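For reference, the structure discussed in these notes is given below.
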Amino acid sequence: MNALFLAILYGVASTMVISDLSKGYIIIGVIGYITTMVYTLDMIDKYKLAIAPKPHYVWTTPNLI
């Protein structure tokens, strides 16, 4: 929930900055918003994958007797 709130906050802030820099061109603000949200959600997914417990593989030898 914290990550989602930060993603929304980051998206709103970047939209405000991009729309201010583009002087009212809405399409640039929309493209910047979509790009930022995709990048942020991808970053959150990579973080969740990084903190997930790693699978442990157990190697066994077959019983040949």
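One residue stands out in region 28-65 among those that are at pLDDT below 70 and not in a loop (DSSP other than H, G, I, E, B): the one that is farthest from Ala3 (Cα to Cα), namely Ile28.
The residue pairs whose first member lies in region 39-54 and is within 18 Å of Gly11 (Cα to Cα), whose second member is hydroxyl-bearing (Ser, Thr, Tyr), and whose beta carbons are closer than 7 Å, counting only pairs six or more residues apart or on different chains, are Thr40/Tyr10. Among residues of region 7-31 that are within 24 Å of Lys46 (Cβ to Cβ) and exposed (fewer than 11 other Cβ atoms within 10 Å of the Cβ), none has a Cβ under 8 angstrom from a residue that is aliphatic (A, V, I, L, M) and modelled with pLDDT under 75 at a sequence gap of 6+ or on a separate chain.
The values are calculated or read from the model by the stated rules, or taken from the named source; none is laboratory data. Keep in mind the model is a prediction, meaning the values are calculated, not measured. Reconstructed Cβ throughout: ideal geometry from the backbone, glycine too, with neighbour counts over all protein chains shown.
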